[in-house]
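One structure is given here, and the rest of the page talks about it.
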Amino acid sequence: MKFSGFKVAKEALTGHKGWKPLWRNPEPKKSYDVIIVGGGGHGLATAYYLATQYGLTNIAVLEKGWLGSGNIGRNTTIVRSNYLLPGNQPFYEFSMKLWERQEQDLNFNSMMSQRSVINLAHTDGQRDAFRRRGNAMQLSGAGGTLLSRDRLREMLPFLNFDNARFPIKAGLMQKRGGTARHDGVAWGYARAADLRGVDIIQNCEVTGFRTQAGRMVGVETARGFIGAKKVGVAVAGSSSRVMAMAGMRLPIESHVMQAFVTEGLKPTLPAVISFGVGHFYISQSDKGGLVFGGDIDGYNSYAQRGNLPIVEDVIESGMALMPMIGRARLLRSWGGVMDMSMDGSPIIDRTHIDGLFFNGGWCYGGFKATPASGYAFAHLLATGTPHETATAYRMDRFARGYVIDEKGVGAQPNLH
Ligand SMILES: Cc1cc2nc3c(=O)[nH]c(=O)nc-3n(C[C@H](O)[C@H](O)[C@H](O)COP(=O)(O)OP(=O)(O)OC[C@H]3O[C@@H](n4cnc5c(N)ncnc54)[C@H](O)[C@@H]3O)c2cc1C
């Protein structure tokens with residue numbers, strides 16, 4: 001079934017009886033060439049790129065719950081490539097390029113909206129740091145514009161310019177940044193992978209790995225043993241638990257992060273905006289709700305729900321930045337489990353077990369990385385070598401001292 005304007009019109013006129021499920025619901029086979037553990041954005045994108053770029057189709061994606069139950073369906077949907085460091089910038093820019101053609105590639109409306117992302121600076125030092133980052137972004141082709149205070153006042157008149165505790169000095173804008181519909185991205189990759197023969201198996205938790213003479217031979221699951229020559233793990237917030245089953249202790253902590261949505265308002269926010277002093281960022285969904293978030297909860301947890309102190313902390317930041325938010329009623333909030341690495345950057349690498357590969361440590365930036373992460377992980381699984389944009393994401397970089405600390409805050413997961 002191909003989506004098109006013609007198909008939508010036809011279904012509208014014939015009672016919407018011709019739509020089919022987006023993917024099959026197959027029984028697991030005895031074995032596969034590749035098993036991907038985790039049916040989030042990264043796992044599904046990996047399967048899609050393995051099938052489309054590397055010609056492998058005997059693949060299963062094993063998901064312990066339902067598709068979209070993890071962070072792919074819980075994030076605040078921000079997409080950007082405004083990075084500074086050489087280890088990160090090419091990777092996120094590659095991801096942005098894949099986002100820009102994703103709807104055509106997948107033939108699925110994931111509501112990609114390049115409405116721009118603006119980071120606000122509140123001190124002279126922060127403005128200078130943003131100028132440097134903007135220059136790096138321009139050099140790498142990501143594009144970046146430094147906005148003056150007057151320009152920001154014209155664009156975002158509702159921000160607190162006059163009585164602010166943290167005066168706004170400037171803003172760094174990436175026009176190509178924006179938002180995409182998070183669960184639509186999971187459905188789009190799932191449908192496109194399924195169409196190429198990938199088996200997507202929900203309610204199938206992986207409970208162990210089976211090896212023979214140091215080689216991966218398959219996984220134990222809630223639905224029995226399934227054989228595989230290669231296994232790629234992309235389980236985000238569950239990374240440390242799953243890799244512990246392979247005898248690995250990761251440089252990753254799991255923390256809860258919450259998101260909030262208000263009642264629908266008329267179009268107010270023209271861009272994604274982030275506060276430069278507190279950790280607070282906000283955008284407006286196409287349904288009109290203000291979508292925002294802030295810091296992770298201050299304790300380790302695998303529970304997909306947060307606690308009240310962070311609710312207060314996030315709302316305080318929102319009020320400091322744009323006091324009018326206090327007039328909007330909050331409708332919904334939820335939490336997701338973040339795989340916070342020690343330098344704030346991800347890991348895409350082999351492991352000590354031949355045939356077992358790992359993808360994780362996405363912190364709260366993994367949604368924007370979904371296409372490139374899938375592509376790079378597929379490349380590693382298929383060829384055994386890192387993709388050219390992901391060579392820095394090695395597991396041993398922490399031991400070797402080659403950390404990729406974009407914010408320069410040290411080994412503090414809560415500050416990345
Ligand atoms: C509140 C919040 C806001 C965020 N905002 C942004 C943002 O604006 N921009 C951005 O770039 N990023 C954002 N992120 C981060 C982003 O969502 C994640 O980094 C990214 O989604 C993680 O990759 P994933 O989609 O593969 O994860 P997930 O969707 O969590 O996928 C992992 C899957 O693995 C499954 N799994 C776990 N254990 C097993 C097992 N043993 N067997 C089988 N399956 C298993 C899980 O059920 C889950 O479905 C946010 C995250 C949260 C929680």
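The values are calculated or read from the model by the stated rules, or taken from the named source; none is laboratory data. In this text, all values refer to a predicted model and were calculated from it rather than measured experimentally. Here the Cβ positions follow ideal geometry from the backbone for every residue, glycine too, while neighbour counts run over all protein chains shown.
Number of residues in segment 286-304 that are within 26 Å of Met111 (Cβ to Cβ) and free of Cβ contacts under 8 Å to residues at least 60 places away in the same chain equals 5. Quick one: would you say Ala193 is modelled with pLDDT of 95 or more, touching a Leu at 6+ places or on another chain (Cβ under 9 Å) and within 27 Å of Ser69 (Cα to Cα)? So Ala193 passes the test.
Test Phe367 against the criterion of being closer than 19 Å to Phe398 by Cβ, touching a residue at least 60 places away in the same chain (Cβ under 8 Å), touching a helix residue (DSSP H, G or I) at 6+ places or on another chain (Cβ under 8 Å) and among the aromatic types (Phe, Trp, Tyr), and give yes or no. Write out each step before concluding.
Numbers: closer than 19 Å to Phe398 by Cβ: no; touching a residue at least 60 places away in the same chain (Cβ under 8 Å): yes; touching a helix residue (DSSP H, G or I) at 6+ places or on another chain (Cβ under 8 Å): yes; among the aromatic types (Phe, Trp, Tyr): yes.
Here the answer is no, as Phe367 does not meet what is asked.
Looking only at segment 381-393, which residues are surrounded by 17 or more Cβ atoms within 10 Å (Cβ to Cβ) and either in contact with an Asp or Glu (Cβ under 7 Å, 6 or more places away or on another chain) or farther than 18 Å from Ala236 by Cα (or both)?
First pass over segment 381-393, keeping only residues surrounded by 17 or more Cβ atoms within 10 Å (Cβ to Cβ): 381-382, 386-387, 389-390, 392-393.
Ala382, Pro386, His387, Thr389, Ala392, Tyr393, listed by residue number.
Selection within segment 290-325: residues that are touching a Ser or Thr at 6+ places or on another chain (Cβ under 8 Å) and of a type in the set (Val, Ile, Thr). The member of this set that is nearest to Thr77 (Cα to Cα) is Val291.
Residue count for segment 123-177, restricted to those that are β-branched (Val, Ile, Thr) and more than 25 Å from the chain's Cα centre (by Cα): 2. Taking segment 179-215 as the range and being at positive phi, touching a residue at least 40 places away in the same chain (Cβ under 8 Å) and not polar (S, T, N, Q) as the test, the residues that pass are Gly197, Gly214.
The set of residues in segment 21-54 being assigned to a loop (DSSP other than H, G, I, E, B), within 29 Å of the chain's Cα centre (by Cα) and farther than 14 Å from Phe108 by Cα consists of Arg24, Asn25, Pro26, Glu27, Pro28, Gly38, Gly39, Gly40, Tyr54. The residues of segment 62-101 include none that are within 11 Å of the ligand (Cβ to nearest atom), over 18 Å from the mean Cα position of the chain (by Cα) and under 27 Å from Thr391 (Cβ atoms). Applying a threshold of 6 Å to beta carbon distances and a minimum spacing of six or more residues, or different chains, the list of pairs starting in segment 48-72 at a residue that is without any contact (Cβ under 8 Å) to a residue 60 or more places away in the chain and ending at one that is among the basic types (Lys, Arg) and assigned to a loop (DSSP other than H, G, I, E, B) is empty.
For segment 196-210, the set of residues classified as of a type outside the set (Asp, Glu) and either within 14 Å of the ligand (Cβ to nearest atom) or touching a strand residue (DSSP E or B) at 6+ places or on another chain (Cβ under 6 Å) (or both) consists of Val198, Ile200, Ile201, Gln202, Asn203, Cys204, Val206, Thr207, Gly208, Phe209, Arg210, listed by residue number.
Give the residue that is modelled with the highest pLDDT, with candidates limited to residues of segment 280-300 that are surrounded by fewer than 18 Cβ atoms within 10 Å (Cβ to Cβ) and not aromatic (Phe, Trp, Tyr). Even if it seems obvious, please write down each step before you answer.
Our first condition is that a residue be surrounded by fewer than 18 Cβ atoms within 10 Å (Cβ to Cβ); within segment 280-300, this holds for 286-288, 298-300.
Now narrow it down to the ones that are not aromatic (Phe, Trp, Tyr): 286-288, 298, 300.
Working: Asp286: 93, Lys287: 94, Gly288: 97, Gly298: 88, Asn300: 93.
Taking the candidates together, the pick is Gly288.
Counting the residues of segment 327-345 that are more than 15 Å from the ligand (Cβ to nearest atom) and either among the hydrophobic types (A, V, I, L, M, F, W, C) or under 17 Å from Gly237 (Cβ atoms) (or both) gives 3.
Can you find a residue that is of a type in the set (Asp, Glu), over 30 Å from Leu152 (Cβ atoms) and crowded, with 20+ Cβ neighbours inside 10 Å anywhere in segment 200-208?
Let us first name the residues in segment 200-208 that are of a type in the set (Asp, Glu), namely 205.
Narrowing further to those that are over 30 Å from Leu152 (Cβ atoms): 205.
Of the ones still in play, those that are also crowded, with 20+ Cβ neighbours inside 10 Å are none.
Within segment 200-208 (the criterion being of a type in the set (Asp, Glu), over 30 Å from Leu152 (Cβ atoms) and crowded, with 20+ Cβ neighbours inside 10 Å), the answer is no, since none of the residues qualifies.
Reported count of residues in segment 375-403, each being at pLDDT below 95 and either within 20 Å of the chain's Cα centre (by Cα) or on the phi > 0 side of the Ramachandran plot (or both), is 1.
Can you pull out the strands (runs of 3 or more DSSP E) entirely within segment 159-215 that have at least 1 residues that are in contact with a Ser or Thr (Cβ under 9 Å, 6 or more places away or on another chain) and under 30 Å from Gly141 (Cα atoms)? Give the derivation first.
Details: elements: 170-174, 199-201, 206-212.
Correct list: 170-174.
Restricting to segment 117-158, count the residues that are surrounded by 19 or more Cβ atoms within 10 Å (Cβ to Cβ) and assigned to a loop (DSSP other than H, G, I, E, B). Residues flagged as surrounded by 19 or more Cβ atoms within 10 Å (Cβ to Cβ) and assigned to a loop (DSSP other than H, G, I, E, B) within segment 117-158 amount to 4.
Suppose we filter Ala246, Ala222, Ala271, Ala234 for residues that are more than 22 Å from Thr179 (Cβ to Cβ), in contact (Cβ under 8 Å) with a residue 60 or more places away in the chain and more than 10 Å from the ligand (Cβ to nearest atom); which single one remains? Walk me through it before giving the result.
Numbers: Ala222 fails: more than 10 Å from the ligand (Cβ to nearest atom); Ala271 fails: more than 22 Å from Thr179 (Cβ to Cβ); Ala234 fails: more than 10 Å from the ligand (Cβ to nearest atom).
Matching residue, one of Ala246, Ala222, Ala271, Ala234: Ala246.
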